[in-house]
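What follows is a single structure, written as structure tokens, with notes after it.
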Amino acid sequence: MTKTITSYLKKSKLYLMVVGFFSIFFLTSACHCDQEEDKIADNKVLVLKFNDNTNDFIEGKEYKFFNKADQFTVTVSKETTPDEIITNVTYTETNALLLKASTLPLPEKGKILIPQDFSNATAFERVETNDFVTPQNGYKEVESYILDESHFIDLWAKIQSLVKVREYLKSNPNQQIQVFFHQHSIENSQGNWIFILKN
């Protein structure tokens, strides 16, 4: 009988110690989280995609990064196989993949693989003023497409009134708009223009 009581007490003490340990751990963790300030993503990139026929703005994606970078370099790399070309567009300073797109032989049509969660154009608010703003330093092609300035302005006119675009230009007025062209098919020059802005 004494052995049973002793065994029970030992088990109870062990149980209480385990429960006590996890309770203390949980409470101290909770306190730590409550005291920690919310992180704010100051480093943002906006990717805007245009329709391949009408050149209307159709969808966009905003990336948020917690690591700051003084420079904004966009680089392109390609993986070529007999069946397709995969193009990766990377924000070099953060090693972040902004776009991944496929280009296929005709009659197939490649698509944008990343991001998968573009937001529809209707999700982007527009300013109510009638003014027209332009980027101070124009644009820069991430590859050589020979996009003439009048075509760029036509595309720019579709997005310059977006609240997000105005915010990006205000916070980073000296930026050049990065321009990428997603070619759908290897033997065809059709595709989507994509503008990339940095805040």
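Annotations for the structure displayed:
- Filter pass, residue 109 being assigned to a strand (DSSP E or B) and open to solvent by 100 Å² or more (accessible area, probe 1.4 Å): no
- Summed over the range 120-137, residues that are within 23 Å of residue 89 (Cα to Cα) and loosely packed, with under 14 Cβ neighbours inside 10 Å total 2.
- Spans of strands (runs of 3 or more DSSP E) in the range 134-199 with at least 2 residues under 22 Å from residue 63 (Cβ atoms), touching a residue at least 24 places away in the same chain (Cβ under 8 Å) and not charged (D, E, K, R): 177-183, 191-198
- Subset of the range 67-96 that is exposed (fewer than 14 other Cβ atoms within 10 Å of the Cβ) and touching a strand residue (DSSP E or B) at 6+ places or on another chain (Cβ under 7 Å) - its residue that is modelled with the lowest pLDDT: 68
The values are calculated or read from the model by the stated rules, or taken from the named source; none is laboratory data. What you see is a predicted model, and the numbers here were worked out from it, not measured in a lab. With ideal geometry, Cβ positions are generated from the backbone for all residues, glycine too; neighbour counts draw on all protein chains shown. To get the accessible areas, we keep the full protein, side chains included, count just its heavy atoms, and leave off ligands, DNA and RNA. Shrake-Rupley method; radii C 1.70, N 1.55, O 1.52, S 1.80 Å.
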